[in-house]
Amino acid sequence: MTPTPRPLAGRRVLLVEDDYFIAIDLKSGFEASGAQVLGPVPSVGEALALIARTAAIDAAVLDINLQDELVYPVADALYARGVPFLFATGYDPVAVPSLHGAVALCQKPLDPQIVARALFG
């Protein structure tokens, strides 16, 4: 019997998502893939506070629209720390500002294996 692949094993992944049901589903999927999930957090302010008080973050998954607030300040904070991240959204790629245009954009629902490949190769 072949063991189930755990592509996020040992990774600390920040999850920024404001929809409770999507957040819980993503958290469960990431944990099943071996990740330690930081969050989920539903707002820009909470995400920035978590980033500020957390020394080690291996990657992040960011919903673009959080309670009618755009997640780009969180993306900027992660970029400044060198933390890889991707956007998880239903938005069209043209909606992403050019500063973050090279960031991977994954459509919901997310597959943890696809997220792992997008973030870590």
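The values are calculated or read from the model by the stated rules, or taken from the named source; none is laboratory data. A quick note: this is a predicted structure, and the numbers were derived from the prediction, not measured. Positions of Cβ are backbone-derived with ideal geometry, glycine not excepted, and every protein chain shown enters the neighbour counts. Just the protein is used for accessible areas: all its heavy atoms, side chains included, with ligands, DNA and RNA removed. Shrake-Rupley method; radii C 1.70, N 1.55, O 1.52, S 1.80 Å.
Summary table below
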{"item": "Within the chain, percent of DSSP bridges classed antiparallel, to nearest 5", "result": "10 percent"}
{"item": "Added length on full extension, which subtracts the Cα-Cα distance from 0.36 nm per residue, Ala80 to Thr54", "result": "7.9 nm"}
{"item": "Histogram of C-alpha separations across the chain, 5 Å bin width, %", "result": "2, 12, 24, 26, 21, 10, 3, 1, 1, 0"}
{"item": "Mean Cα-pair separation over length for the chain, i.e. relative contact order, pairs under 8 Å, 6 or more apart, %", "result": "25 percent"}
{"item": "Computed label-point distance, nm, for sites Asp25 and Gln107 using a 7 Å Cα→Cβ extension", "result": "1.4 nm"}
{"item": "FRET efficiency for Asp68 and Ala9, using Cβ-Cβ distance with R0 set to 35 Å, rounded to 0.05", "result": "0.50"}
{"item": "Cα-based helix-to-principal-axis angle, 20-32 vs the chain, degrees rounded to 10", "result": "40 degrees"}
{"item": "Under 14 Å, Cβ to Cβ, from Pro40 - net charge with Lys/Arg +1 and Asp/Glu -1", "result": "-4"}
{"item": "Probe 1.4 Å, accessible area per residue of the range 10-118, Å²", "result": "49 Å²"}
{"item": "Cα long-axis angle, helix 44-53 against the chain (0 to 90 degrees, to the nearest 10)", "result": "60 degrees"}
